[in-house]
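The values are calculated or read from the model by the stated rules, or taken from the named source; none is laboratory data. For clarity, every value in this text was computed on a predicted model and none was experimentally measured. Cβ placement follows ideal geometry from the backbone for every residue including glycine, while neighbour counts extend to all protein chains displayed. Quick note on the areas: whole protein, heavy atoms, side chains included, nothing else; ligands and nucleic acids left out. Shrake-Rupley method; radii C 1.70, N 1.55, O 1.52, S 1.80 Å.
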Amino acid sequence: MYHHYFGLTELPFTLTPNTSFYCDLESHRSAFEVLVTALAAGEGFIKVVGEVGTGKTLLCRKLLNELPEQFVTAYIPNPYLTPSEMRAHIARELQVEAPEQQSEQLLTQAIQERLMSIVRDGKTTVVVVDEAQALPSETLEALRLISNLETESRKLIHIVLFGQPELDERLATREHRQLRQRITFSYSLQAMSVDELAHYISHRLYVAGYQGQSLFTPRAVQLLHDASRGIPRLVNVLCHKVLMLCYGEGAMQVTVKHVQLAVQDTDDVDLPRQVRWLWLGGAAVVVTLALSIAWWQGWLTEYLL
């Protein structure tokens, strides 16, 4: 694979949300600060929304990895669960002993007792839900009811929702108005700017062990941004492909041609029409100039002879 060709220790643009490749983009940094501040303040519900591929799962895992020891966490990566399955999952994550008699009431009571025990230890419980837009309506309501567990002075459980914009659409309905009103902190992840994209590419290459000169020309970076709309996942897909193209050609730098070929081979990316015309027009100018030079060279040769 090309990582040996470029002197890399690992592939830099995989789709796995590896926190060792976390890049401190402004949007992610601001979202992380909102999350930590809100949890420290003891807020009940917190929400982070972002388009597909903007790095929600990576941010989610960073939060789980870097929360101080005072927080006890329960992670729900696949929220397409019934209310009963949700309670059972939270109980397992919090190491709650399931009651011998199968009863939702007894399980909820056992969870509450465990939460009280965590509070007595001076700690805080946080439930982190990824892909929250997939939560069934009944399960969303069950989460709201679980969040009602509290003492006279503080919440026993704090819930962080990571989801796509569809989560906002669902919360905007009358059915979920009670839950919507309990979300005190929220943040929307944004796509990368061109400058952030250039930094993002350099950062991931550096983490992967690259030590050479810049692999991507400025024009290639601009074209990558135009095609990917600054969405990290799409950038990873395109960068992986252009490095494979370079490796196949024996090239040591990514050019506009490599990006164009990668765009043609990738779903959900495209170049704006005016950009396509710009690059095609530029190519036409180069071809016309080359033909003109060739014609003049031929004319001069014939004249001199």
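Just one of Ala251, Ala227, Ala208, Ala172 is of a type in the set (A, V, I, L, M), in contact (Cβ under 8 Å) with a residue 40 or more places away in the chain and surrounded by fewer than 21 Cβ atoms within 10 Å (Cβ to Cβ); which is it?
On inspection, the qualifying residue turns out to be Ala208.
Just checking, how many residues over the range 50-85 are at pLDDT 95 or above, over 10 Å from the mean Cα position of the chain (by Cα) and open to solvent by less than 20 Å² (accessible area, probe 1.4 Å)?
Looking only at that region, the number is 3.
Inspect all residues belonging to the range 142-150 and state whether any of them is charged (D, E, K, R), farther than 28 Å from Thr57 by Cβ, in a helix (DSSP H, G or I) and open to solvent by 30 Å² or more (accessible area, probe 1.4 Å).
no
Within the range 105-120, which residues are more than 30 Å from Lys56 (Cβ to Cβ) and open to solvent by 40 Å² or more (accessible area, probe 1.4 Å)?
Gln105, Leu106, Gln109, Glu113, Met116, Arg120 - these are the residues of the range 105-120 that are more than 30 Å from Lys56 (Cβ to Cβ) and open to solvent by 40 Å² or more (accessible area, probe 1.4 Å).
Would you check which residues across the range 254-265 are open to solvent by 60 Å² or more (accessible area, probe 1.4 Å) and either within 19 Å of Tyr200 (Cβ to Cβ) or out of contact with any helix residue (DSSP H, G or I) (no Cβ under 9 Å at 6 or more places or on another chain) (or both) and list them?
Gln264
Every residue, every condition in (1) more than 22 Å from Lys56 (Cα to Cα); (2) out of contact with any Asp or Glu (no Cβ under 6 Å at 6 or more places or on another chain); (3) open to solvent by 10 Å² or more (accessible area, probe 1.4 Å); (4) of a type in the set (Phe, Trp, Tyr), yes or no:
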site: Gln164; (1), (2), (3), (4): no, yes, yes, no
site: Phe185; (1), (2), (3), (4): no, no, yes, yes
site: Ile201; (1), (2), (3), (4): no, yes, no, no
site: Arg233; (1), (2), (3), (4): no, yes, yes, no
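Which of the residues that make up the range 20-61 are among the small types (Gly, Ala, Ser) and closer than 23 Å to Asn148 by Cα?
If the condition is that a residue be among the small types (Gly, Ala, Ser) and closer than 23 Å to Asn148 by Cα, then Ala38, Ala40, Ala41, Gly42, Gly44 are the ones that fit.
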